[in-house]
Amino acid sequence: MKISVIGLGYLGAVHAVCMAELGHDVVGIDVDTERIAKLERGEAPFFEPDFPEKLSAALERGTLRFSADLSDVRECDVHFVCVGTPQGSDGSADLGALHAVREGLQKVLADSTREKVLVVGKSTVPVGTARGLSEAFAELPNIELAWNPEFLREGYAVKDTLGPDRLVYGVHEDQQFSIAHLDAVYAPILEAGTPRLVYGYESAELVKVSANAFLATKISFVNAVAEMCEATGADVVEVAEAIGLDERIGRRFLKAGIGFGGGCLPKDVRAFIASAEEHGVGDSFEFLRNVDRINQKRRARPVQLALEHFGGNLAGVPITVLGAAFKPYSDDVRDSPAIDIALSLARHGADVRITDPQALDVVRGRYEELTLVDDLEEAMSGARLLILATEWQIYRDLDPERVAELVAERVVIDGRGVFDLARWRKAGFEIMALGRGDRAGRLA
Ligand code: UDX
């Protein structure tokens, strides 16, 4: 099939490459000409495992091209809309880019060579958006709209797109054309046995925002339990392990620490609150405000511990933050707890060094109050406090005996619950691990 993918951010770029991988003829569109040039050269605009190889292969096969001109989508049968829906000033999702694409498509598709085309929304939107767009498209009888939310995780984006847990189609009443076209697009994925759920627009939109809000709630729940553990001497790693073995709860997304960040969960929680209020059910989503609040609170915890440790004064104290990305296997620093913590320490006067195996290039030149150090050992040398903020494998693998030789003072804050406390203590470290009490009612 001939497919267009409009908006080549994280979601769109991965979707375009994966659609070419499935055997389609794909054109990727974005207004950012620099990004287009980069993709045309086969260069990934972000760090994502498997993405560069699949991009190069598709370019070589000649089944993927890029353009900044929306009229290049005229010959396509299916158009995927993947533009961003960032957080607006009132917390709600900003749909400006989505409406700009809708207007553009209406112009371009008015004289499409195709008798009928399918426009598929993939962006995360507040419930009600698809119906509004479909009413606007109704002027052109050759356009049908479907909503097909995307659930990919950064770091596993290619894997998740080609092997999702489920495919959700949101369609207008019983639109067989939409269903048949989406089935044809995803044929190899469906043949592999992936569940396919066909709903109305509203359910499809709500699946996505509810899934993200639920995941965020799980994390904040375990982080609230972590606070309880710190107050009582219990260990959140133990509590999470045991409750997670109940299949109804499940083990995943119960890692306590400095909380969730990234381009999705924080903004989606806030957009869900705004959308619930708009629909008159804000009361029932009050708890999501707490999910957000707990998340912010956990980011502040390492700074609070650092202040307590240094008698309330961090002026000139050399502190090294291990990790800048919002999670490992990603160079994304959007709403990253690691960066927040580093900036907060710097505001308290600390001499903050930050290191990361992938994300430093992304932040270079952005924060003059932080010193970026590529080399891990150099970053830790002379530090009086280490804070683990992103659980990259290289940090998990650190040998405390070696680290002890580098630092000026043996103090560590584990913000992700991954260090072996006994091993670090044996090497002479005082280790403060978020949510892990020492059974004497103090932080371990
Ligand atoms: C998320 C959703 O998982 C995905 O389905 C959706 O499409 C987009 O948003 P992503 O933002 O890539 O994906 O990251 P995810 O792996 O969900 O992690 C989000 C944040 O939560 C990270 O900062 C991570 O460190 C944190 N997290 C995750 C925890 O603090 N504890 C956990 O147990 C899991």
Check: Only one of (1) surrounded by fewer than 16 Cβ atoms within 10 Å (Cβ to Cβ); (2) β-branched (V, I, T); (3) in a strand (DSSP E or B) is not met by I387, so which one is it?
Finding: (1)
Notebook entry, point to check: Is it true that R293 is part of a helix (DSSP H, G or I), in contact with a helix residue (DSSP H, G or I) (Cβ under 8 Å, 6 or more places away or on another chain), modelled with pLDDT of 95 or more and of a type outside the set (S, T, Y)?
Noted result: no
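Got a sec? Which of S123, S112 is closer than 16 Å to E202 by Cα and modelled with pLDDT under 95?
Sole residue among the options that is closer than 16 Å to E202 by Cα and modelled with pLDDT under 95: S123.
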Check: Is it fair to say D94 is in the same structural domain as L118 (by TED's automatic domain parsing) and over 26 Å from the mean Cα position of the chain (by Cα)?
Finding: no
Next item on the list: Take the residues in segment 250-284 that are in contact (Cβ under 8 Å) with a residue 60 or more places away in the chain, part of a helix (DSSP H, G or I) and more than 11 Å from the ligand (Cβ to nearest atom), then tell me which one is farthest from R436 (Cα to Cα).
Entry: E278
Next item on the list: Report whether or not L343 is away from the ligand (no atom under 16 Å from the Cβ), more than 25 Å from N313 (Cα to Cα) and either under 21 Å from the mean Cα position of the chain (by Cα) or in a loop (DSSP other than H, G, I, E, B) (or both).
Entry: no
Next item on the list: Go over the candidates R366, R353 one by one and state the one that is of a type in the set (K, R) and either touching a residue at least 24 places away in the same chain (Cβ under 8 Å) or not assigned by TED's automatic domain parsing to the domain that holds V269 (or both).
Entry: R353
Checklist line | F287 more than 11 Å from the ligand (Cβ to nearest atom) and either within 23 Å of T124 (Cβ to Cβ) or part of a loop (DSSP other than H, G, I, E, B) (or both) | finding: yes
Check: Within the set of pairs 6+ apart or on separate chains, which have a first residue in segment 75-88 that is free of Cβ contacts under 8 Å to residues at least 12 places away in the same chain, a second that is charged (D, E, K, R), and C-beta atoms under 6 Å apart?
Finding: G88/D94
Item checked: Of all residues in segment 395-423 being part of a helix (DSSP H, G or I) and within 16 Å of the ligand (Cβ to nearest atom), the one that is surrounded by the fewest Cβ atoms within 10 Å (Cβ to Cβ) -> R396
Next item on the list: Take segment 21-35 and flag every residue that is in a loop (DSSP other than H, G, I, E, B) and either buried (at least 19 other Cβ atoms within 10 Å of the Cβ) or not hydrophobic (A, V, I, L, M, F, W, C) (or both).
Entry: G23, H24, D30, D32
Note to self: Every residue in segment 36-69 that is among the hydrophobic types (A, V, I, L, M, F, W, C) and either touching a Pro at 6+ places or on another chain (Cβ under 8 Å) or buried (at least 21 other Cβ atoms within 10 Å of the Cβ) (or both), please.
What the structure shows: L39, A44, L55, A58, L64, F66
Notebook entry, point to check: Can you find a residue in segment 8-19 that is exposed (fewer than 15 other Cβ atoms within 10 Å of the Cβ) and either touching a residue at least 60 places away in the same chain (Cβ under 8 Å) or not β-branched (V, I, T) (or both)?
Noted result: no
Notebook entry, point to check: For segment 100-213, list the strands (runs of 3 or more DSSP E) that sit wholly inside it and hold at least 2 residues that are aliphatic (A, V, I, L, M) and within 16 Å of the ligand (Cβ to nearest atom); which are they?
Noted result: 167-171
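Tell me whether segment 232-249 contains one or more residues that are small (G, A, S), within 14 Å of the ligand (Cβ to nearest atom) and closer than 22 Å to Y10 by Cβ.
The answer is no, given that none of the residues of segment 232-249 is small (G, A, S), within 14 Å of the ligand (Cβ to nearest atom) and closer than 22 Å to Y10 by Cβ.
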Next item on the list: Could you tell me whether any residue of segment 298-309 is of a type outside the set (V, I, T), away from the ligand (no atom under 11 Å from the Cβ) and part of a strand (DSSP E or B)?
Entry: no
Next item on the list: Of the conditions (1) more than 26 Å from M228 (Cα to Cα); (2) not in a loop (DSSP other than H, G, I, E, B), D331 clears all except one; give me its number.
Entry: (2)
Next item on the list: Restrict the check to segment 122-145 and report whether at least one residue is touching a strand residue (DSSP E or B) at 6+ places or on another chain (Cβ under 6 Å) and within 16 Å of H15 (Cα to Cα).
Entry: yes
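The values are calculated or read from the model by the stated rules, or taken from the named source; none is laboratory data. This is a predicted model, so every value here is computed, not measured. Cβ atoms come from the backbone with ideal geometry, glycine included; neighbour counts cover every protein chain shown.
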